[in-house]
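Data block below; observations after.
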Amino acid sequence: MEYALRAIYSGLTLYMMLILLRWLGGWISFETDYGRWKWVAIVTDPLVGRVRRVLPNLGPIDFGPIVAIFAIWLVRGIGLGLLIGPQR
């Protein structure tokens with residue numbers, strides 16, 4: 001059971017990194033809208049898109065990825081942290 005929870009924990013961490021990659025891709029000349037890395041957009045856009053629809057329009061600032069990462073971080077840290085227990 002502990003290995004499955006740790007795999008979920010690691011999967012959520014990877015998902016947070018993919019959201020960061022998608023968000024910062026334009027700044028570091030890493031294209032995720034088409035080509036070989038389009039799968040990053042396909043994987044991350046459903047969650048970030050839902051978060052964007054809930055947030056108010058703040059003009060040119062996009063807080064959707066930040067809020068999505070924070071929500072995953074809370075689920076990962078609090079939810080799975082309670083199930084896994086203290087680190088040994």
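The order of 3, 15, going from fewest to most other C-beta atoms within 10 Å of their C-beta, is 3, 15. Once the Cα atoms are used to define both axes, helix 38-54 deviates from the longest principal axis of the chain by about 90 degrees.
Of the residues 21, 55, 12, which exhibits the maximal mean-square fluctuation in a Gaussian network model of the chain defined by a 10 Å Cα contact cut-off? Looking only at 21, 55, 12, the largest GNM fluctuation is found for 55. Under a crude label model (7 Å from the Cα following the beta-carbon direction), how far is residue 72 from residue 8 in nanometres? The modelled label-to-label distance comes out at 1.6 nm. To the nearest ten degrees, helix 64-74 and the longest principal axis of the Cα atoms of the chain are 0 degrees apart.
Quick one: grab the alpha carbon gyration tensor of the stretch 2-84, order the square roots of its eigenvalues as a ≥ b ≥ c, and give me rounded if a/c is under 1.5, else prolate or oblate depending on whether a/b is larger than b/c. Because a/c hits 1.5 or more and a/b fails to exceed b/c, the stretch 2-84 counts as oblate. Here 47, 20 are placed in order of increasing Cβ neighbour count within 10 Å, fewest first, which gives 20, 47.
Normalising the average separation of contacting C-alpha pairs (under 8 angstrom, six or more residues apart) by the number of residues puts the relative contact order of the chain at 36 percent.
No lab work stands behind these numbers, since they all come straight from the coordinates. Worth saying up front: this structure is predicted, and the values here are computed from it rather than measured. Here the Cβ is made from the backbone with ideal geometry for all residues, glycine too, and neighbour counts use every protein chain on show.
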